[in-house]
Structures are given as structure tokens and as C-alpha cells.
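The values are calculated or read from the model by the stated rules, or taken from the named source; none is laboratory data. Small disclaimer: the values here were computed from a predicted structure and weren't measured. Cβ placement follows ideal geometry from the backbone for every residue including glycine, while neighbour counts extend to all protein chains displayed.
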Amino acid sequence: MSIELLIIIGIFYYILTIGSIIGILLLMNNRNKKNYRKEIDELERDKNLVVSANLIAELNKVEPLVQDSDMKDSLAIWQDKFRSIKEEDIPKVTDELLEAEELYSEQDYKGLKKKLAGIELELYYIKTKANFLLDEIKEITLSEEKNRATITKLKASYREILQKYQKKKNEYTLVSQPLELQFENVDKLFGAFEKSMEKKSYQEVSKIVKAIDDLIGNLKLVIEEAPSIIMLGKNIIPKKITDITNISKKMEKDGYNLEYLNIPYNVTESSKKITDIFQRLNVLNIEDSIFELKTMLDYFDSIYNDFDKEKISRKIYNDFLGSILIKITKLTKINNTLLKKLKDIKYSYDLEDEEVEIVFQIKEELASLRGEYDDIVEDGRSKKSAYSYLGKQMELLNVKVTKTEEKLEVALRTFGSLKEDEVRAREQLDEMKEILNQAKEGMKTFKLPVIPDHYFVELGEATEAISNMVAELEKTPISIKILNTRVDTARDLVLKVYNTTKEIVKTAKMAETAIVYGNRYRPINKEVDIGLMKAEKAFFGGDFKNSLEQAIHAINVIEPGIYKKLMDEYQE
């Protein structure tokens with residue numbers, strides 16, 4: 001392909017690309033133009049709908065309803081508002097839309113976008129004014145129909161209230177007079193409503209309807225809650241107050257301190273509150289009355305729980321009164337006995353001061369606990385505190401005493417174990433001597449050609465360890481730590497000698513048996529004869545293990561499998 005052709009193709013694609021870009025831009029511009037056109041048309045339509053036929057019609061309905069100066073003034077205000085919207089706000093938006101049309105024609109889309117946003121906001125404000133005006137007017141034009149419907153519902157509700165009152169009139173004795181006066185007021189307001197409707201005084205009618213609604217709403221609450229208020233305030237709570245007062249007096253006479261419950265003050269305040277509730281009830285004001293009475297009821301019910309708690313706490317206090325004193329006295333006696341023996345224990349077992357310090361700490365703790373106990377008992381005798389407090393203090397003190405008791409038990413076990421360690425060491429000394437003698441006797445059970453040197457080394461170490469242990473036991477004072485170390489060392493070395501003895505004797509016996517067994521093959525096999533000669537040499541040299549292995553290897557030449565058989569027997 002020639003260079004000229006390539007250049008022509010390149011130019012063609014370049015022109016095609018530029019053309020595509022221009023086409024896309026024109027298409028986008030055309031689309032934006034259509035969108036802005038549509039938005040302008042929608043704003044124009046919204047502007048024309050602001051002053052709707054519905055608003056004009058409702059405003060025209062008001063004129064025949066004007067019967068007094070108040071209504072006449074309201075109509076004048078509404079007409080001014082309507083005129084302001086129609087003659088001031090709408091023309092202003094019209095001018096704004098004309099400016100938007102100019103910007104659209106000039107294709108100034110940036111300025112047009114900002115202008116349309118401002119027009120939309122202005123239209124929203126005008127529509128809000130118009131809707132609010134329409135609602136105000138409808139309050140009057142629809143008032144007759146709406147108020148009639150409301151009054152019908154209120155009359156039905158009123159009849160239900162009245163029937164409930166008359167059916168259970170005996171439950172409302174305390175408030176019958178204010179209730180009946182209120183019923184009369186409601187009847188009068190129903191009459192006033194009819195008169196105002198005849199005069200078409202719709203503004204007055206709205207006030208009357210609201211007043212009736214408020215009165216009936218309050219009457220409904222009073223009818224529903226008054227029996228409960230009366231029952232709680234005149235019956236249940238006063239009985240509880242009387243009962244609690246009598247119980248508290250009896251308990252105080254029996255020695256209980258109930259000052260912290262503050263019963264007389266709370267009873268007085270509750271009585272004042274009940275009086276206030278019934279004064280308000282007399283004017284049919286029951287706001288928060290049920291809540292306040294139930295709060296009082298819950299409080300007085302909780303007092304019974306407090307009484308029970310005091311009785312239980314008194315029993316706990318009395319139970320601990322004797323048991324704690326006995327325990328402290330017993331622990332003090334034991335600790336004092338330990339203190340008397342402490343000097344001898346410390347000397348006998350070479351103890352440091354810090355190792356016996358725990359006994360002095362326990363002495364101080366017991367003295368402190370006895371002081372706490374005396375303070376609590378004195379507090380109880382003087383009736384300065386409630387048993388709920390005293391019982392709790394006794395429980396806490398008992399926990400402390402128990403912890404001190406555990407410390408003393410640990411100290412007793414520790415010091416007691418020192419003597420036990422000494423006794424156990426003497427017992428183990430006899431056992432170790434017996435084991436060592438058994439080892440020596442065991443060595444004599446088989447006539448060995450020679451005793452290995454390592455046996456005498458181990459025997460000497462064990463004998464020396466026993467001597468060190470004896471020397472430690474004869475010391476005054478005895479160091480238990482050192483003694484226990486001596487015992488452990490001696491025991492390990494004696495057992496080592498015992499096991500070595502068994503091993504030597506057993507191996508020597510097996511080696512001798514193997515050599516004797518293999519002698520039958522000597523005449524017929526030179527290799528066996530040489531192997532047994534090596535085994536005999538090791539045997540008489542005291543190397544019994546090597547002797548056994550040499551003998552077994554030699555016999556295995558003639559009798560395969562004997563090695564495993566004899567080695568299994570050796571292991572057993």
C-alpha cells in the first residue's frame with residue numbers, strides 16, 4: 001500500500017472523528033434545549049394554576065355568610081390576600097418567565113438554569129400562600145357541615161358518659177356535685193351551638209365546639225378514673241397507713257430501730273398529697289392523680305418488705321451474736337497456745353522470724369476482729385442502728401473471721417508438718433538401712449568371681465548419705481529444709497545401690513548359665529569355643545553384661561534364636 005493511500009485513509013478517519021464529535025455535541029445541545037423548553041412550559045402552567053377556580057369559588061361562598069363585623073373583617077383580609085397573590089405575586093412571576101424566554105432564545109443556558117431555579121422557588125412560596133388562604137376560607141365555608149359532624153360525635157360520646165355516671169352513681173358520691181354542674185355546662189354549650197349556627201356565627205361556633213370537646217374529654221377521664229382515685233385515696237391507702245403505723249409502733253416497742261424508714265414523715269406527706277388530690281378532684285382536675293396514688297401504694301407495699309427484712313436481719317444478727325464470739329474466743333485460745341510454743345518450735349526447727357510472723361499477724365487480726373464485734377454489739381444494745389445494718393455487719397465480720405481461721409489452720413498445718421517431717425525422716429532412716437542391708441545380703445546370694453568397682457562407689461555414696469542424714473537428725477535445732485534434702489538424697493542413693501545389686505547378681509547368673517549351656521558346642525565348633533573363651537574372660541573380670549552378650553552370640557552360631565530367648569529371659 002502506497003504512502004499516498006495511507007495519508008488519504010488517515011485524513012478520512014480524522015474528518016469522520018471530528019464529524020462524530022460535532023454531531024454528538026449538537027445532539028446534546030438539542031436535548032438540553034428541549035429539557036429547558038419543557039421546564040419553562042411546566043412553570044408557566046403551574047403559575048396559571050395558582051389562582052384556581054376552587055379558591056375563587058370558596059371566596060365567593062363567604063360573602064353570603066357575612067352576618068357580623070368579625071366575619072366582615074375576615075372577608076376583607078382574605079380578599080386582600082387574594083388580591084396580593086393575583087395582582088402582585090403572579091405578575092412578578094410572569095416577568096421572570098419572560099426573562100427566562102429571552103435567555104432561552106439567546107441560548108444562555110447557564111443563566112437560564114439559575115433563573116428557572118429562582119422562579120420555581122418563588123412559585124412554591126406563592127402556592128403555599130394560596131393553599132393556606134384556601135384552608136382558612138374552607139374553615140368557614142365548610143364549618144357548618146364539619147361542625148355538625150363533630151357535634152354529632154360529641155353528643156354520642158356525652159350520652160355514653162352520662163349513662164355510665166347514672167348507672168354507677170354511688171361510685172361518684174364525692175364528686176357528684178361538680179360532675180352534675182359540668183353536665184349542665186355541657187348542655188348549655190350544646191344550646192349555644194345551635195343558636196350560633198342559626199345566626200351563622202361560624203367563628204363563634206368553632207370556639208363553642210372546641211369548648212364542648214375539651215369539657216367532654218375531661219369528663220370522660222373523670223368518669224373513668226374517679227372511682228379508682230376514690231377507692232385508693234379513701235380506702236386502700238388509708239388502711240395501709242393505719243396498718244403500717246401500728247406495725248411500726250409494735251416493732252419499735254420490741255426493740256427495732258426504724259428511723260431510717262422515716263415512716264411518720266412519709267405518712268404525713270402522703271396524707272397531705274391525698275388531701276390535695278381530692279381538692280383537685282372536687283374541681284374535676286385529675287391530672288397525675290392516679291400516678292401519684294399508685295406511687296404511694298407502691299411505697300407503702302415496700303414498707304412491708306422492709307419490715308420483713310428487719311425481722312430476718314434480727315435473726316441473722318442474733319445467730320451470729322453467739323457463734324462469732326465463740327469462734328473468736330476459740331481461735332484466740334489456739335493462737336495463744338501456738339505463741340507459747342513458738343519459741344521452742346522456732347529453735348527446734350531452725351526457723352527464721354519471717355517464717356513465724358504469720359502467728360503474730362493472726363494475733364493482731366483476732367484482736368481487731370474482737371474490737372469490731374464489741375462495737376457492733378454495743379451498737380445493737382444502744383438501738384442506734386437498724387437490724388438490717390447490724391445483720392449485714394455481722395455477716396461481713398463472719399467472713400473476716402473465717403479468713404483468719406483459714407490462716408490459722410494453714411499455720412498449724414505448717415508447724416505440725418515440721419514434726420511430721422522429722423518423724424517421717426526417722427522412719428525412712430530405718431527403712432533405708434534395711435534396704436541397704438538387703439542389698440549387701442543380695443550380693444552374697446551368688447558367688448561372684450569379682451565385685452565391680454562401681455558397686456563399691458555407689459555403696460560408699462549411699463552409706464555417706466545415710467550418715468549425713470543421721471547427723472542432721474542429731475542436730476539441735478534441726479533444719480527441716482536441710483533434713484528433707486538429706487532424706488531425698490539418701491533414699492535415691494540407697495535405692496540405686498539396691499537396684500545395682502539386683503542387676504549385677506542377675507546378669508552374673510545369666511552369664512554363667514549361658515557359658516555352661518554353650519560348653520556342649522565347644523568340641524564341634526571352633527567359633528563357639530572362641531566366643532565362650534571371651535565370655536569367660538569377661539565374666540572373671542567382673543564385666544558380667546559383656547560376658548552374657550559374648551556367650552549368647554557364640555551359642556547363636558549353632559542354635560539360631562537362642563539370643564532372643566536368653567535376652568527375653570534376661571529382660572524379665
Test of understanding: among K273, K309, which residue is in a helix (DSSP H, G or I), touching a Ser or Thr at 6+ places or on another chain (Cβ under 6 Å) and of a type outside the set (V, I, T)? K309
All-but-one check, G542 against (1) exposed (fewer than 14 other Cβ atoms within 10 Å of the Cβ); (2) modelled with pLDDT of 80 or more; (3) outside any helix (DSSP H, G or I), failing number (1)
Is one or more of the residues making up the stretch 479-492 hydroxyl-bearing (S, T, Y), in the same structural domain as T337 (by TED's automatic domain parsing) and either modelled with pLDDT under 75 or touching a helix residue (DSSP H, G or I) at 6+ places or on another chain (Cβ under 9 Å) (or both)? no
Check off (1) farther than 14 Å from E395 by Cα; (2) modelled with pLDDT of 85 or more for I316 and give me the number that stays unchecked. (1)
Note down all Cβ pairs under 6 Å where the first residue falls in the stretch 499-520 and is among the basic types (K, R), the second is surrounded by fewer than 19 Cβ atoms within 10 Å (Cβ to Cβ), and they're at least six residues apart or on different chains. K509/F446
Answer residue from the stretch 211-268, given it is part of a loop (DSSP other than H, G, I, E, B) and either aromatic (F, W, Y) or free of Cβ contacts under 8 Å to residues at least 60 places away in the same chain (or both) and is nearest to V186 (Cα to Cα) among those: N262
So how many residues does the stretch 314-324 have that are surrounded by fewer than 15 Cβ atoms within 10 Å (Cβ to Cβ) and either of a type in the set (A, V, I, L, M) or farther than 17 Å from G255 by Cβ (or both)? 2
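Condition check ((1) surrounded by 12 or more Cβ atoms within 10 Å (Cβ to Cβ); (2) at pLDDT 85 or above; (3) in a helix (DSSP H, G or I); (4) not assigned by TED's automatic domain parsing to the domain that holds K309) across all residues:
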residue: E364; (1), (2), (3), (4): no, yes, yes, no
residue: S368; (1), (2), (3), (4): yes, yes, yes, no
residue: E378; (1), (2), (3), (4): no, yes, yes, no
residue: E406; (1), (2), (3), (4): no, yes, yes, no
residue: R413; (1), (2), (3), (4): no, no, yes, no
residue: M432; (1), (2), (3), (4): yes, no, yes, yes
Taking the stretch 105-133 as the search range and keeping residues that are under 19 Å from R37 (Cα atoms) and among the basic types (K, R), which one is surrounded by the most Cβ atoms within 10 Å (Cβ to Cβ)? K115
Across the stretch 276-287, the tally of residues that are assigned to a helix (DSSP H, G or I) and either over 29 Å from I216 (Cα atoms) or out of contact with any helix residue (DSSP H, G or I) (no Cβ under 8 Å at 6 or more places or on another chain) (or both) stands at 2
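Going through K309, K273 one at a time, which residue ends up being surrounded by 12 or more Cβ atoms within 10 Å (Cβ to Cβ), modelled with pLDDT of 90 or more and closer than 23 Å to V222 by Cβ?
One residue alone meets the criteria, K273.
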